[in-house]
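Chemist: Below: one structure in structure tokens.
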Amino acid sequence: QFAFQENEIKLLTAEIERLKNFGCLGVSPSLEGLRDENAKLKYRLNFLQKSLQEERSKTAKSMININSRLQEIFGAAIQAAYPELENPPLVVTPSQQPKFGDYQCNSAMAISQILLKTKEQKVIPREIADKIAKNIPANECIEKVEIAGPGFINVHLRKDFVSKQLSSLLMNGVQPPAIGKRKKVVVDFSSPNIAKEMHVGHLRSTIIGESMCRLFEFAGYDVLRLNHLGDWGTQFGMLIAHLQDKFPDYLTVSPPIGDLQAFYKESKRRFDTEEEFKKRAYQCVVLLQSKNPDFIKAWELICDVSRREFQKIYNCLDITLIERGESFYHEMMKDIVKEFEDKGFVQVDDGRKIVFVPGFPVPLTIMKSDGGYTYDTSDLAALKHRLCEEKGDILIYVVDSGQSVHLQTVFAAGQMIGWYDPKVTRVAHAAFGVVLGEDKKKFKTRSGDTVRLIDLLEEGLKRAMDKLKDKERDKVLTAEELKAAQTSVAFGCIKYADLSHNRLNDYVFSFDKMLDDRGNTAAYLLYAFTRIRAIARLANIDEQMLRKAAREEVLILDHEKEWKLGKCILRFPEILQKILEDLLLHTLCDYLYELATTFTEFYDNCYCVEKDRQSGQIVKVNMWRLLLCEATAAIMAKGFDILGIKPVQRM
């Protein structure tokens, strides 16, 4: 990744030398111009050298993705063994059992098939595996390889390599894997509607979107977090008309709208039953869209009431967003329609302006017969703005699966008109399933209403406190510690229950399951984390002593459980890399659970702190094992941070 910068540095250095010679020989017609040019080149050279140094330093601190490193090594070996093959298959995975080594390269079987099909050569996979193994270049991480079964190459890692990576992690902290060029990521998530309360359906988009943003930010991307609020459209006509009737002095006295949901239902009932009110509502829409100041004020008042309610939920769940609702794109919509017309993509159907996108049976309606715009128009305007104005390299829409066809049609329309090339820019729909009740039906209240999100969070807080009191935590924690544990468990469990399921599937919402402190739950992981953090503290080892030990101690990995834990810790970068590619966050949850259970195996078999059985006095501290505890906790803390979960020191 540094080759381009190094080459430019060489060229600049040569150019500076050339200009020096020109100056000496008196060839330049303008000495002042020559000096300016020389100064510019030197400035550019200094800038490049400094940035190259910074990049190198960052990369030196980055955690190595061992899987990627092994792929580089085996890629070179396959290239050397079979130079005639173009893009040969490269498959490297962690081994499932210790007897098969630490990783496996399983490319030989696929190469055997390719040789048979393309060259009509019948070569058994075991021979191919042997040839690959003999061409493995010198490297820092492989101890030995063994050929097993039909042609698997079992890879055994070097202990000193793993030990060195763990020491680096302890000294530099948990660093992201190197990603190359810093790209801009735009994430569209949460996106509730103004004048409607956030309900359980908004939970998934909000939690998944926040976690994705945290992951991309940690990996070093420039992330723009957008809340595409439903803050524009015909529904505002009936809301403003109802506001005028109920609070006629709304322009001078702020209306005390306590329950916006009830306010919305009242205005909707009137819209459906009162013809005169319906006519006024349509007039209000026209006046709002023509930017009449009184109607803009009414619209802003309604939006502000909603915003305050949304913010309560965002504060609870520690969500950060930039609001950019449909109204933001309103002025751009006429240009969108014109652009599609100018390029010949628009057809008129019964007064509507529609766009057919190849491969999609249902057209996009970009203008209604009355001249109004639609969701299709605003979504196209948002897509273009994110691509052409925000210059997004990666666009992610965290929206439910029900919108899949609509979004794919919008994305395909953006490609068709030339806004982006999918080979250069990634535009992805991170779809998710619905939240189900324990009866496996859509999650509703007993009366059949949609569950309000604020009620759900308050219920979570109550249940978490009950659970902590059941465990008699209120007797050992201070009031402040108990409150911190309550919010950590309540909101952590709600988030983790969502994120630990494959987002593509529906999932059953159950407080009993998510608050269980056994199995793959946040309650179990948070408790495991506080226990790990307490080990060094109870051995009277402070942070300064741990830092000194990290610099001086060699991490011994002789015990099989030490070795297993060390390797598990170092899989963190490859887990993150996988999620950056497929956007499936449950992989991180599965990994954290595996790490916690692997740690328990280690702790049960390897004494970190040895005590006298009679007196209970500490007689020996195995510092390298305490460092393994510290490395485990550091990875878990970063994993929690990405998932938006806040651990506590005491629980």
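The values are calculated or read from the model by the stated rules, or taken from the named source; none is laboratory data. Computed from a predicted model, the values in this text were never measured in an experiment. Reconstructed Cβ throughout: ideal geometry from the backbone, glycine too, with neighbour counts over all protein chains shown. With ligands, DNA and RNA removed, areas are computed over all heavy atoms of the protein, side chains included. Shrake-Rupley method; radii C 1.70, N 1.55, O 1.52, S 1.80 Å.
Chemist: Of SER615, THR597, ASN502, which is farthest on the positive side of the dipole of the range 453-643, counting Cα position, with +1 on Lys and Arg Cβ, -1 on Asp and Glu Cβ, and the Cα centre as origin?
Modeler: About the Cα centre, the residue reaching furthest to the positive side is SER615.
Chemist: Which entries in the list LYS119/LYS144; LYS312/LYS483; LYS61/LYS184; LYS164/LYS561 go over 28 Å, if you measure between the two C-alpha atoms of each?
Modeler: On the way: LYS119/LYS144 31 Å; LYS312/LYS483 18 Å; LYS61/LYS184 22 Å; LYS164/LYS561 18 Å.
With Cα atoms farther than 28 Å apart: LYS119/LYS144.
Chemist: Same structure again: What lysines does LYS343 reach when the alpha-carbon gap must be under 17 Å and sequence neighbours fewer than 8 apart in one chain are set aside?
Modeler: Straight-line reach from LYS343, under 17 Å: LYS334, LYS353, LYS384.
Chemist: As a test of the formula, what do you get for the chain when each DSSP H run with n ≥ 4 contributes -39,500 (n - 2.57) and the sum is divided by the residue count, at 222 nm and rounded to the nearest 500 deg cm²/dmol? Let's see the in-between values first.
Modeler: Values: 23 runs with 356 residues, N = 651.
Result for the chain, helices only: -18000 deg cm²/dmol.
Chemist: Quick check: Cα centre of the range 359-396 to Cα centre of the range 244-313, how many Å?
Modeler: Distance between centres, Cα-based: 27 Å.
Chemist: Could you go through the range 594-599 in sequence order and give the Karplus-derived ³J(HN,Hα) for each residue, using 6.51 cos²θ - 1.76 cosθ + 1.60 with θ = phi - 60°, rounded to whole Hz, and x for Gly and Pro?
Modeler: Residue by residue, the range 594-599 yields 4, 4, 5, 6, 5, 5 Hz.
Chemist: Distance between Cα centroids, the range 412-441 to the range 510-531: provide it in whole Å.
Modeler: A separation of 31 Å, based on Cα centres.
Chemist: Could you count how many Lys pairs in the range 234-310 have their Cα atoms under 18 Å apart, skipping same-chain pairs fewer than 8 positions apart?
Modeler: Close lysine pairs under the 18 Å cut-off: 9.
Chemist: Compute the acute angle (0 to 90°) between the alpha-carbon long axis of helix 479-499 and the principal axis of greatest extent of the alpha-carbon atoms of the chain; round to the nearest 10°.
Modeler: So the inclination is approximately 90 degrees.
Chemist: Using a 1.4 angstrom probe and counting only protein chains, how large is the accessible area of CYS568 in Å², to 10?
Modeler: Taking all protein chains as shown, CYS568 has close to 10 Å².
Chemist: Past the 18 Å Cα-Cα mark, which pairs from LYS495/LYS564; LYS99/LYS159; LYS462/LYS638; LYS462/LYS495? Please list the in-between numbers first.
Modeler: Details: LYS495/LYS564 29 Å; LYS99/LYS159 16 Å; LYS462/LYS638 27 Å; LYS462/LYS495 16 Å.
Among LYS495/LYS564; LYS99/LYS159; LYS462/LYS638; LYS462/LYS495, the Cα-Cα distance tops 18 Å for LYS495/LYS564; LYS462/LYS638.
Chemist: Calculate what fraction, in whole %, of the accessible area of the range 234-310 sits on carbon and sulfur atoms when a 1.4 Å probe is rolled over the protein chains. Write out the running numbers ahead of the final one.
Modeler: Working: 2240 of 4170 Å².
Carbon-and-sulfur percentage of accessible area, whole number: 54.
Chemist: With loop defined by DSSP as not H, G, I, E or B, and exposure as at most 13 other Cβ atoms within 10 Å, which is the longest segment of the chain clear of exposed chymotrypsin sites (Phe, Trp or Tyr not before Pro)? Working shown, then result.
Modeler: On the way: sites that count: PHE2, TYR607.
It runs 3-606.
Chemist: Provide the per residue accessible area, probe 1.4 Å, for the range 62-157, rounded to a whole number of square angstrom. It would help to have the intermediate numbers written out before the result.
Modeler: Details: 5020 Å² over 96 residues.
It amounts to 52 Å² per residue over the range 62-157.
Chemist: Hey, another quick one. Cross-link partners among aspartates and glutamates for LYS620, C-alpha distance below 12 Å, same-chain residues fewer than 8 apart left out?
Modeler: Leaving aside aspartates and glutamates fewer than 8 places away in the same chain, those within reach of LYS620 are GLU610, ASP612.
Chemist: Once you sort the root eigenvalues of the Cα gyration tensor of the range 234-310 as a ≥ b ≥ c, which label holds: rounded (a/c under 1.5), prolate (a/b larger than b/c) or oblate (the other case)? Before the final figure, lay out the partial values.
Modeler: Working: a/c = 1.61, a/b = 1.16, b/c = 1.39.
It is oblate, given that a/c is not under 1.5 and a/b is not larger than b/c.
Chemist: Give me the one-decimal nm value for the distance between modelled label points at GLN311 and ALA80, 7 Å along each residue's Cα-to-Cβ direction.
Modeler: 6.2
Chemist: Follow-up. Please give the contour-minus-distance gain from LYS440 to GLN97: 0.36 nm per residue of separation, less the Cα-Cα distance, rounded to one decimal in nm.
Modeler: Values: separation 343, 0.36 × 343 = 123.48 nm, distance 3.65 nm.
My answer for the length gained is 119.8 nm.
Chemist: A further question follows. At GLN614 and PHE360, where each label point lies 7 Å from the Cα along Cα→Cβ, what is the point-to-point distance in nanometres?
Modeler: About 8.0 nm, to one decimal.
Chemist: State the Cα centre-to-centre distance between the range 586-651 and the range 130-192 in whole Å.
Modeler: When both Cα centres are located, 23 Å separates them.
Chemist: So what does log10 I(q)/I(0) come out to for the range 382-540 at q = 0.17, 0.20 Å⁻¹, using the Debye formula with one equal point on every Cα and no solvent?
Modeler: -1.00, -1.19
Chemist: Under 14 Å from the Cα of LYS441, which aspartates and glutamates turn up, not counting those fewer than eight places away in the same chain?
Modeler: Here the aspartates and glutamates satisfying the reach criterion relative to LYS441 are ASP449, ASP506.
Chemist: Now for a different question. When the expected Rg is taken as 2.2 N^0.38 Å, what fraction or multiple of it is the alpha-carbon Rg of the range 453-643? Please report the intermediate quantities before stating the final value.
Modeler: Numbers: Rg = 18.2 Å, N = 191, 2.2 N^0.38 = 16.2 Å.
Computed over Cα atoms of the range 453-643, the ratio equals 1.12.
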